[in-house]
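*Asks:* One structure is given below, represented as structure tokens, and several questions about it will come after.
Please treat every number below as a calculation from the coordinates, not as lab data. Please read all numbers here as calculations on a predicted model, not as lab measurements. Don't worry about glycine lacking a Cβ; one is built from the backbone with ideal geometry, like all the others, and counts go over all protein chains shown.
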């Protein structure tokens, strides 16, 4: 007969407030098989674990049930404690009487009854637990970083510094990401390129880092420690080795109607182009849609003028397959598009621009060489209006429900830069709340108001109309309760930011969880912010949620440390709750093999001894290293031969019986 | 079909004599003329017991499972509808294709003796076929009966004279003449009833079940080495007649297991001693699969993936998909 | 045979079993807890690795053993931690729901919902609305005495 | 039954079914309100007053009558609050208290000056005919 120990946790008052823990412990004592039951204030504490270990030794417990918080929280803690007392860790079951009971039911009578029911279910299941031993799988000592912005670069540099190989895959022709488009950065106002380019060069020249630009992830398979990724290196049509980056081809190229993505479409670029001066690699790319040679077969001027003969029209996409131990997502963000926000007249008034476009306008390498001029008539604006929260904090389907976090700071930055360079320009910022928390952030914003005389008006902008040669901004002044219509020569919209477009595609490829706003979901919002719940996948930068550059760099470093923690291991313990096939009852129909997402099931002819009769049968085999324990095969198998250790048919049926 | 029987006997004789196969599976006389049983013939002498007439409804494909375990070659005579079941068994790897010589034989639709009796005929001695009619000899004289009126239910849903799989064929394909028939008619009718009426219907039907397992043993899609309900280790194997799931839900679970693999050969309803309309459960699943995931005929070939073992990214959502008046 | 015991006339207390997948809906349930959302206590959650682990026999067993409602909560299609688990579950549950309705059991007694780990509120709302539906439907006697004709 | 001002405000919120608590006082509704210039209490303050249990000043305000019921405020509100509906709710409570002197259709002059914008007619009937 099993000797089960049941430990009911108070969790301080989290459970004890609405669940009578003593009565739960008392009522399970009568269940056959329960040899010991007690409640304790904090089971996960040292004291709690010692109580359990002592009970295991004193009562010779063969099974343990802990009624406490979610297994996703402390299952590992209690398993380790049991193992230290000599009990196989997989003979421990958790009844979730906190998140699923005490926290969601207010009535003590009702919550206690439910806690008892959940305890009974866990006891019924634990009776059928079998001792399991984790297998081992090797760890490939190489990391993959998807995304070459500041987040990806910082993570890659930190991993490479620790001596491990890292591959960066960047979709655009050059690393640098959104940061390379910025002019100055807050709160110190240093020039973005000045602090970014050294990191780009360091990454490009680091012997442990390989950079794939103008490349995308085609396919990812495998699991933690044993990922295999296929990288599609899109054809640049230019030889990276021979090209010296002189730029003559871009000058001479006749096709100049494509809009420059780097400059947010504010100026055109030639079909063969280097996105920006400090691009790394400093090698152009032929945009085949706009290249006359590719579209019509004529032209070919770039090949003629190229002193190094580096143009290679016949270059093809190249697929590179590579094994990795860990993958870091650093896919960054994009501003949302203004199509659904007609009231701001963004599409019709050239002088209504987004903040990222404003960055390009004020950037010395930008389309206007840094001169702040109106896009409509090229004149210097006399007054500029900045509008906060355009699409952010919007619970309707038009916008994003969340606060994009960085706009208040860069609005203040923009306002200060304008007033510093052109003190005579009137600058007004319309806001709902100015959110500038953090080290020296609020001082930064107040400097804009107190030293530079930027006018901050609490009230949202409702509509922007054209009037003669300038714009009319219709806003409200919530404090005074008045309606305003402010003339302005230029309006800058602080648009909401959203994750990069291919985030969801990557999430499916990596089976990383992703939320309804397309941000990758972290394993735990407070305790594990840089890891995805999927083992071996890590999150760096805005792909996990809106954040500014300081936080991105901090989180990028944290992600790198998590990767190092993984790569430093030679062996990884694998999940022992995997499928297993009962050779006696397997009919060899291999329905299981058809539903296995990991290709972990194969078939083999075996001599099976059935009631003394030896028969040669086709039997399904589970490769325990590949199996991740989803259980699809157990339901596809009609005869029940395929079962899942840790969640077997009998165990789940026992839980159902105990509950109903 | 007399002519066909003769051809079958000759074929079997040649195959056995030439040693091309070690045994032949066909039908043999049963106790009553209308009760022919499946038969193994492994030498030519036994062949005169071989019959092929209007009462050979049994689907022989399931008998190949045991044979193909022994490394012998077996010949089997299959009607067009039986060949679908063989394809399904091959797909489920229960039958090794290369160890079977499949000979397709035509069928004009098998007769249901109860329907003949239901025409008020008593003391039937024998039935012979001529064209579209049957001459029934009884102790009180002979009577002509139109074959189309006394066909087995399963033959009303005949899948046509084409063979889903065959190495050779004998005779010319025959058409099964019967009134137009929608195999889902009763399913649709049941779906239109209220939940209470539907529940009453099924309570009535399933209460007749005496758990003889005839339906499971005849079903070519139910081909597990050891059935879930016979395996003491399985949580469902409660043979005792108490409230175990097995008693109450045997038929639903079995229908679920064969969903997407049932070729609608109708044998389960034919062999059920209590006459339970088990085919309705299977046809409900087939109708749903056709509606939700596109027409699918199990056994039409031996390689397309079964509907429940594949998926489509934009399948219909479960809630939206149920029919019937609520 | 197990006749449906006539429960004493105390107010009907429905019993609902919820199969929640470890990666999404179970985490959603945890989040509902952390956010102190409330939903009726009749709902008892069983953790499964993935919604594709839920065998229709578990659901039929639950109904047979007295459950009045069963709900399967998995990841949103496309978000499954095992890539395709919930796609298979979706087909299996679609057919099972249709069959249960065909047998005369109210189709509302079995429900499938996709709840992600970030949707604590949705989890609580879904469970509350499901409990109300089941309360309205009343006790589920039918599947228990499917075989014994009164 | 005589409700206190606080109870009446709560009652109006309940009847109108508008979740006024969603409002974050961003002022976007007032910014875009075409009739805002002539209103003494702009829509965002209208919602604020009701949320804080004050309705008498609203009942006396000219906003009730200036409001064109063009619903720009409701369409633009980023939090899904419906200020127009709240204004209508207060207006109806005032009309009901005045003994329901509704504008009935046949009182309208036979031919209406065609320069009259169509919206004014719709708005008048919507406001005074409920």
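*Asks:* Starting at 0 and stepping by 5 Å, how many percent of the alpha carbon pairs of segment B:1-54 end up in each bin?
*Replies:* Binned Cα distances yield the sequence 4, 23, 32, 23, 13, 4, 1.
*Asks:* Specify, per residue and in Å³, the volume enclosed by the convex hull of the alpha carbon atoms belonging to segment A:453-536.
*Replies:* Details: hull volume 15.8 nm³, N = 84.
Here the figure is 188 Å³ per residue.
*Asks:* Still on this structure: Rounded to the nearest Å, what's the spacing between the alpha carbon centres of segment A:598-632 and segment A:330-371? Just the number, please.
*Replies:* 60 Å
*Asks:* With the Cα gyration tensor of segment A:127-180 in hand, convert its eigenvalues to equivalent ellipsoid semi-axes via √(5λ) and list them largest first in whole Å.
*Replies:* Result for segment A:127-180: semi-axes of 37, 14, 10 Å.
*Asks:* How much of the calculated P(r) for chain A lies past 51 Å, in percent of all Cα pairs?
*Replies:* On the way: 60288 of 217470 pairs.
Taking all Cα-Cα pairs of chain A, the fraction more than 51 Å apart is 28 percent.
*Asks:* Once the Cα gyration tensor of segment A:191-271 is diagonalised, what are the square roots of 5 times its eigenvalues, in whole Å and ordered largest first, as equivalent ellipsoid semi-axes?
*Replies:* On the way: eigenvalues 175, 71, 47 Å².
Here the semi-axes work out to 30, 19, 15 Å.
*Asks:* Once you average over the residues of B:287-293, how many Cβ atoms of partner chains fall within 10 Å of each Cβ?
*Replies:* Values: counts 2, 6, 4, 0, 1, 4, 3.
Per residue, the number of nearby Cβ atoms from other chains is 3 on average.
*Asks:* For chain A, what does the helix formula give at 222 nm: sum of -39500 (n - 2.57) over DSSP H segments with n ≥ 4, over the residue count, nearest 500 deg cm²/dmol?
*Replies:* -8000 deg cm²/dmol
*Asks:* Sticking with this structure for a sec: In whole Å, what are the Cα extents of segment A:526-575 along the three principal axes, biggest one first?
*Replies:* 36, 18, 16
*Asks:* Can you give the Rg and Dmax of segment A:579-644 based on its C-alpha atoms, in angstrom?
*Replies:* Computed over the Cα atoms of segment A:579-644, radius of gyration and Dmax are 11.4, 36 Å.
*Asks:* Here is a follow-up. Sort the following peptides by mean Cβ neighbour count (other Cβ atoms within 10 Å, averaged over residues), highest first: A:78-91, B:275-288, A:23-36.
*Replies:* B:275-288, A:78-91, A:23-36
*Asks:* Right, another one. Ratio of Rg to Rh for the protein assembly as shown, alpha carbon only, Kirkwood?
*Replies:* Taking Rg over the Kirkwood Rh, I get 1.04.
*Asks:* Could you tell me, in Å, what Rg and Dmax come out for the Cα atoms of segment B:88-241?
*Replies:* 20.6, 58
*Asks:* Normalising by the residue count of segment C:16-140, find the relative contact order in percent from Cα pairs under 8 Å and 6+ residues apart.
*Replies:* On the way: 207 pairs, mean separation 48.3, N = 125.
Reported as a whole number, the value is 39 percent.
*Asks:* Here's a follow-up. Over all pairs of distinct alpha carbons, what does the Kirkwood formula give as the hydrodynamic radius of segment B:1-105, in Å?
*Replies:* 13.7 Å
*Asks:* Same structure, new question: For chain A, calculate the relative contact order in percent as a whole number, restricting contacts to Cα pairs under 8 Å that are 6 or more residues apart.
*Replies:* On the way: 1444 pairs, mean separation 84.1, N = 660.
Once divided by the residue count of chain A, the mean separation gives 13 percent.
*Asks:* Shifting gears a bit: Using the Kirkwood radius over Cα pairs, work out the Stokes-Einstein diffusion coefficient for segment A:334-498 at 4 °C and 1.567 mPa s, in µm²/s as a whole number.
*Replies:* 81 µm²/s
*Asks:* What are the principal axis extents of the Cα atoms in chain D, in Å, biggest first?
*Replies:* Taking max minus min along each principal axis of the Cα atoms, chain D gives 45, 38, 23 Å.
*Asks:* Counting only Cα atoms, I'd like the Rg/Rh figure for segment A:142-286, Kirkwood definition for Rh.
*Replies:* 0.99
*Asks:* How would you order A:121-130, A:193-202 from highest to lowest mean count of nearby Cβ atoms within 10 Å?
*Replies:* Values: A:121-130: 21.9, A:193-202: 16.6.
Highest mean packing first, the order is A:121-130, A:193-202.
*Asks:* Which whole number gives the average count of other chain Cβ atoms within 10 Å of the Cβ atoms across peptide A:388-401?
*Replies:* Mean shielding count: 3.
*Asks:* Apply the Debye scattering formula to segment A:278-370, with a single equal point scatterer on each alpha-carbon and no solvent, then give log10 I(q)/I(0) at q = 0.12, 0.13, 0.18, 0.20 Å⁻¹.
*Replies:* Debye curve over Cα of segment A:278-370, log10 I(q)/I(0) at q = 0.12, 0.13, 0.18, 0.20 Å⁻¹: -0.82, -0.92, -1.08, -1.08.
*Asks:* Here is a further query. Expressed as an acute angle from 0 to 90° and rounded to the nearest 10, what is the orientation of the C-alpha long axis of helix A:441-450 relative to the principal long axis of chain A?
*Replies:* It works out to around 30 degrees.
*Asks:* With angles folded into 0 to 90 degrees, how steeply does helix D:83-97 sit against the dominant principal axis of chain D? Use alpha carbons for both and round to 10.
*Replies:* Value to nearest ten degrees: 70.
*Asks:* Sorted by packing (mean other beta-carbon atoms within 10 Å per residue), highest first, where do A:458-469, C:83-94, A:531-542 land?
*Replies:* A:531-542, C:83-94, A:458-469
*Asks:* What Kirkwood hydrodynamic radius, in Å, does segment A:4-126 give when the mean of 1/r is taken over all pairs of distinct Cα atoms and then inverted?
*Replies:* 13.7 Å
*Asks:* Related question: Please report, in whole Å³, the volume per residue of the convex hull around the C-alpha atoms of segment A:420-462.
*Replies:* Numbers: hull volume 3.3 nm³, N = 43.
Dividing the Cα hull volume of segment A:420-462 by its residue count gives 78 Å³.
*Asks:* If contacts are Cα pairs under 8 angstrom and at least 6 residues apart, what is the relative contact order of segment A:474-601 in percent?
*Replies:* 12 percent
*Asks:* Further question: Report P(r) for segment C:16-140: all Cα-Cα distances, bin width 10 Å, range 0 to the bin holding the largest distance, values in whole percent.
*Replies:* 14, 47, 33, 5
*Asks:* Any chance you could list the semi-axes, whole Å, largest first, of the equivalent ellipsoid that the Cα gyration tensor gives for segment A:248-305, using √(5λ)?
*Replies:* 19, 14, 9
*Asks:* Note the per residue figure in Å³ for the convex hull of the C-alpha positions in segment B:182-326.
*Replies:* 141 Å³
*Asks:* Further question on the same structure: When the scattering of chain B is computed by the Debye formula from its Cα atoms alone, each counted once and equally, what is log10 I(q)/I(0) at q = 0.07 Å⁻¹?
*Replies:* -0.31
*Asks:* Here is a follow-up. Count, for each residue of A:583-595, the Cβ atoms from other chains sitting within 10 Å of its Cβ, then give me the mean as a whole number.
*Replies:* The shielding value for this peptide is 5.
*Asks:* Another question, if that's okay. Measuring from centroid to centroid over Cα atoms, what is the spacing of segment A:219-298 and segment A:435-481 in Å?
*Replies:* 39 Å
*Asks:* Given the DSSP H assignment, sum -39500 (n - 2.57) over each helix run of at least 4 residues in chain B and divide by its residue total; what's the result at 222 nm in deg cm²/dmol, nearest 500?
*Replies:* Mean residue ellipticity at 222 nm (helix-derived): -9000 deg cm²/dmol.
*Asks:* What percent of all Cα-Cα pairs in segment A:104-211 falls in each 5 Å bin, counting up from 0?
*Replies:* Per 5 Å bin, starting at 0, the Cα pair percentages come out as 2, 10, 14, 12, 8, 7, 4, 3, 6, 9, 10, 10, 4, 0.
*Asks:* Right, here's the next one. How many angstrom separate the Cα center of segment D:58-94 from the Cα center of segment A:1-72?
*Replies:* Value for the Cα centre distance between the two parts: 59 Å.
*Asks:* Between 0 and 90 degrees, rounded to the nearest ten: what's the tilt of helix C:25-34 against the longest Cα principal axis of chain C?
*Replies:* 80 degrees
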